[in-house]
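Visitor: I'd like to ask you about the structure that follows.
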């Protein structure tokens with residue numbers, strides 16, 4: 001049996017949405033790259049396992065998906081979301097060392 005597991009996450013950042021509201025702006029592209037870099041770095045996974053679904057206002061709310069890995073030795077998407085939740089509640093975690101996730 002093949003099980004493809006993904007997990008959805010909604011992360012709110014205390015940043016001004018207006019700075020990245022224009023989806024075609026270089027600022028938006030830079031934010032998305034920095035966000036994916038921050039999350040993948042904090043979780044110790046390849047950026048290819050993350051996919052931004054949407055970015056909405058209300059500070060900045062990023063809905064993203066943690067994708068399954070083809071490598072059975074890597075953490076599952078569910079385990080990674082659990083780790084991310086723990087990090088979000090710990091200001092000294094790697095999540096708060098990111099360029100955009102430090103907000």
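Values quoted throughout were computed directly from the atomic coordinates according to the rules given, and no laboratory measurement underlies them. Just so it is clear, the structure is predicted and the values come from calculations on it, not from any experiment. So basically every Cβ, Gly included, is an ideal-geometry build from the backbone, and we count neighbours across all protein chains shown.
Visitor: Label points 7 Å out from Cα along the Cβ direction at residue 102 and residue 76: separation in nm?
Guide: Using points 7 Å along Cα→Cβ, the separation is 3.5 nm.
Visitor: Give me the orientation-averaged projected area of the Cα convex hull of the stretch 7-97, in nm², one decimal.
Guide: 5.8 nm²
Visitor: While we're here: Got a sec? How would 6, 86 order by Cβ neighbour count within 10 Å, fewest to most?
Guide: With the sparsest Cβ surroundings first, the list reads 86, 6.
Visitor: Further question: For the stretch 42-85, state what percent of all Cα-Cα pairs lands in each successive 5 Å bin, counting from 0 Å until the bin that includes the largest distance.
Guide: Per 5 Å bin, starting at zero, the Cα-Cα P(r) for the stretch 42-85 comes out as 5, 20, 29, 23, 14, 6, 3, 1 percent.
Visitor: Which angle between 0 and 90 degrees, to the nearest 10, do you get for helix 26-43 versus the longest principal axis of the chain when only C-alpha atoms count?
Guide: 40 degrees
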